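Novice: Take a look at this one; I'll ask things after.
Please treat every number below as a calculation from the coordinates, not as lab data. Predicted model, so just to flag it, every value in this text is computed and none were measured. No Cβ is skipped: glycine too gets one built from the backbone with ideal geometry, and neighbour counts run over all protein chains shown.
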Amino acid sequence: MTIDRRLAAITDRIRERSLPRREAYLARVMAQAQSRPRRAGLGCGNLAHGFAACGVGDKDRLMGDVTPNLGIITAYNDMLSAHQPYERFPDLIRQAARDLGATAQVAGGVPAMCDGVTQGEAGMELSLFSRDVIAMSAGIGLSHDMFDAAVYLGVCDKIVPGLVIAALTFGHLPAVFIPAGPMPSGLPNDEKARIRQLYAEGKVGRAELLEAESKSYHGPGTCTFYGTANSNQMLMEIMGLHLPGSSFVNPNTPLRDALTREAAQRALAITALGNEYTPVGVMVDERTIVNGVVGLHATGGSTNHTLHLVAMAAAAGISLTWQDISDLSDITPLLARVYPNGLADVNHFDAAGGMGFLIRELIGAGLLHDDVRTVFGQGLAAYTVEAGLSEDGLGVRRSPAPAQSHDPKVLAPASAPFSANGGLRVLGGNLGKAVIKVSAVKPERRIVEAPARVFDSQEAVQRAFKAGELTGDFIAVVRFQGPAANGMPELHKLTPALGVLMDRGQKVALVTDGRMSGASGKVPAAIHVTPEAKEGGMIARIRDGDILRLDAETGQLELLLDDAALAARQPAQIDLTPNEFGIGRELFAVFRRAVGPASTGASVF
C-alpha cells in the first residue's frame, strides 16, 4: 500500500532532525548487543546470587549460556484495579518459559500509582514524576545483566511510558509488553459524568456519587473510558510492542492467559540466542513513533501523550516535537468514538472490531508504516486481526478483522470518518505554546474570546464556583501547575464545575500550565502552557479582566494586549512552599528542580 506523501514527509523530517542522536543511540545499542549477557562468564559468586532462589531445573539452565533467561518487570499491586491481575502473571510466564526449556525471573517491581485515587489530592503532584521513577526502577531490575529479553507488565497512565523509556534504555534486549486488559463494562461513562455534575451543583449527595463511581469502577482491569491507560494499550499494539489482538481482552479469562503465555514465549524466541534477534532499540524507529502518533489521533487519545510520546521517542534517540504531533493530527481521520469522545467504552470499541479493524483501515488509507519491525516478527499488516482461543482452548488463534465495523457509531471506516482530523492541536501566540484536544468539544465551542479569571489552584476555582462568583463568559486561567512548580498534576476537579457553567449557556474555557489528560472532555482547554508560570512564562502576567482569545480552529492562544504593555508587566509570583512537603513531595524536590518543559516531555533525563 502506498504511504500518504504527507505522512512520509513528516516521517522524513523527524528522521533527518534525529539523525545525529539516533546514530549515537544505535551505536550504543549495538555495542551492548555485542557484550550481551553471558551468565556463564560471571564470577561464580555473582551467578550463584542470581539463581540462589531458583529450583534445581532452573539452576541447571542458568549455569550455562545456551537457553534464554527472561526478565520480568512488573508493576503489580493489588490496590490498582488495572494491575491487580498481574499477581498471577509471573507464574504463567515462568511455566511458559519452562515449556520451552528456558527460564524466567522477576527482575524487579516498579511503583504504580493510580491517578484516579490521587485526583485532586496532594499525591497527584507525584504522578508525572512517577514515570521517570518507573524508568529508573526498571533500570535497576535489569542492571543485574542476567537476561536475554524482558517482558513488561504495566497498563496505566505513567507506567507504560516509564517502562518504554526503560526498555529503550536497555535497547539491546528484546522487549514485549503484556497487557492485563479492561474491566467489564459497568455504569455508562456519560451517566457517571452526569452524576458528577449533579454533585458539583449540590443536587445529589456523597452517597449517590459514591454509588455511581463504584458501579463504574467495579472490578479488576483498567477503567473502561478512553483515558491514558487505554491509550497506552492502543499505542503498544499499533507500535508493535504487544502481540496482535491482545490489548483489550478482559482479565482473568482463558484468552487473556493464553495471550500472556504466548507473549512470554515470543519474547524468548527473539533473543540473540536464536535466529530472530529483535532488539527493541533497533525495532522502535521513526516510523514506529509516527505510527503511535497516528493511532493516538485516529482514536481521540490522551493529551498526556503529547508529553509521553516525546519522552519515549527521546529515549530512542528520536526527536519528536509538538508540531510533528499537530501536523500528523491534520492528516489523520478520527475513526473511534469512545468516551469522552463518545458514549461507548473500550469494550464496545473492541467488540466493534477493535485494533485489528483500526489498523487495517489506517494501512489502507496510507496512514501507517506497514514495513516496520514488530515483536510478532512481521510487518504491521499482521496486526489486522482478532485474537481468539485455539481449538484446544490453550493457545491463540487469529482471524482477519471484520470487513465492516460491527458498530459504525463506535468505530468508523477511513472512508467515512467521524472527523477529518484527530483533534489534538498545538496552540501558539504571545502566551507561548499549548496543547488542546477538540475531539470531544463541539465546533461552536472551539473559539472563546472572554475576560480572564485568574487562579493559582483548582481549589480556588471550586471555591469561586460554589460561591456563585463565576458568572458570564470567562476563561479560567489556572497557573503555577507546571512540572517545575508542583509536578504538573491533572486538574480534573475543574471539569464538573466548568461543565455545569457551559450547560447554563456561558462561554467558558480553560488555560493552564497543568494537565487535563485522557479524560479531557467538552470544556475547551489549552493545557501544558509552556513556558510555565514558575519559569516566568507569559501566563504569569495575565491579570483578572484581561481579554484572552482561544481559537482551536486557527491554533491561536493570545492575550489581547499590546506587546509593550505585556512586556512592562512583572510576572506574578506565589509561595510554593505548601507544595514542597507532605505525602512524599519533599522526596521529589530534585525532580522539580531538574525537570524540563512540557514541550520536551517534562522529563528529568
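Novice: Give the separation of the Cα centroids, the range 511-582 to the range 147-179, in Å.
Specialist: 35 Å
Novice: Based solely on its DSSP helices, what 222 nm [θ] is calculated for the chain when runs of n ≥ 4 H residues each add -39,500 (n - 2.57) and the sum is averaged over all residues, nearest 500 deg cm²/dmol?
Specialist: Helices in the chain give a 222 nm mean residue ellipticity of -11500 deg cm²/dmol.
Novice: What longest region of the chain stays clear of trypsin sites (Lys or Arg not before Pro) that DSSP places outside H, G, I, E and B and that have at most 11 other Cβ atoms within 10 Å?
Specialist: 204-503
Novice: Within a Cβ distance under 12 Å of ARG15, other residues only, what is the Lys/Arg minus Asp/Glu net charge?
Specialist: -1
Novice: Once the other residues with Cβ under 11 Å from the Cβ of VAL426 are scored (Lys, Arg +1; Asp, Glu -1), what is the net sum?
Specialist: -1
Novice: Would you work out the relative contact order for the range 424-600, in percent, from Cα pairs under 8 angstrom that are 6 or more residues apart?
Specialist: Computed over the range 424-600, the figure is 29 percent.
Novice: Return, for the Cα atoms of the range 351-441, the radius of gyration and Dmax in Å, separated by a comma.
Specialist: Values for the range 351-441 (Cα only, Rg and Dmax): 17.4, 63 Å.
Novice: Also, I was wondering about something else. What percent of all Cα-Cα pairs in the range 210-339 falls in each 10 Å bin, counting up from 0?
Specialist: Whole-percent P(r) values from 0 Å outward: 11, 35, 33, 18, 3, 0.
Novice: Given +1 on the Cβ of Lys and Arg, -1 on the Cβ of Asp and Glu, and no further charges, what dipole in debye does the chain carry about its Cα centre, rounded to the nearest 20?
Specialist: Roughly 260 debye for the chain.
Novice: Further, regarding this structure: Would you tally the net charge around ARG6, using a Cβ to Cβ cut-off of less than 10 Å, leaving ARG6 out, and scoring K and R as +1, D and E as -1?
Specialist: That works out to -2.
Novice: Give me the mean projected area, in nm² to one decimal, of the convex hull enclosing the Cα positions of the range 424-600.
Specialist: If you wrap the Cα atoms of the range 424-600 in a convex hull and average its projections, you get 10.0 nm².
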